[in-house]
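Undergrad: Quick one: the structure is below, and I'll ask about it shortly.
The values are calculated or read from the model by the stated rules, or taken from the named source; none is laboratory data. Just so you know, these numbers come straight off a predicted model, no measurement behind them. Ideal geometry is used to build each Cβ from the backbone, glycine not excepted, and the neighbour counts take in all protein chains shown.
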Amino acid sequence: MPAGISFALGTVTVVVCLALAYVAVTSNSVPVVGTVRTALIAMAVIGMAGCAVAGIGQAPVIGWTHPISILGIVLGVLALAIVAAGLAGWDGFFSPIVDFVPQQDAVVLTTERLAMVSLALVIAVKWLVGLVMTFGVLLPR
């Protein structure tokens, strides 16, 4: 699949993931998926699908040892660790970011919500890496 088309499909999954994260973090019920926990699982599945289409699927083209491939792999492993920590309820994993996440009176800041915010940040960074890889933004010519 051409890089531009795969990047566009990956961008759609990023938008869906970020919208899902926003809804899950700002409300007590998430349409279609129900709870924040199932929203985290859905976000992980959608994010992996997007990465398969636009991310890791491009690694054989540029090489597995290319710095962008390695950065994408490291961020992917971090994303998996975030999902595991969120589902397992490991509060300590998210203690470095808890002060940066705005809280609302109506919504309790749970481990799953912190995982959603963390995963959204990783997905956004991976999308930026994909942008650099696909279009050569910020890369020397």
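Undergrad: Can you pull out the residues in the range 1-28 that are at pLDDT below 90 and closer than 16 Å to A115 by Cα?
TA: Listed by number, the residues that qualify are A24, V25, T26, S27, N28.
Undergrad: Mind checking which residues of the range 1-51 are of a type in the set (G, A, S) and either surrounded by fewer than 21 Cβ atoms within 10 Å (Cβ to Cβ) or over 19 Å from L121 (Cα atoms) (or both)?
TA: Selection gives A3, G4, S6, A8, A19, S27, S29, G34, A42, A49.
Undergrad: Out of the residues in the range 39-85 meeting the condition of being polar (S, T, N, Q) and in a helix (DSSP H, G or I), tell me which one is farthest from L128 (Cα to Cα).
TA: That would be Q58.
Undergrad: Based on what the data block shows, is W127 assigned to a loop (DSSP other than H, G, I, E, B) and either hydrophobic (A, V, I, L, M, F, W, C) or surrounded by fewer than 16 Cβ atoms within 10 Å (Cβ to Cβ) (or both)?
TA: no
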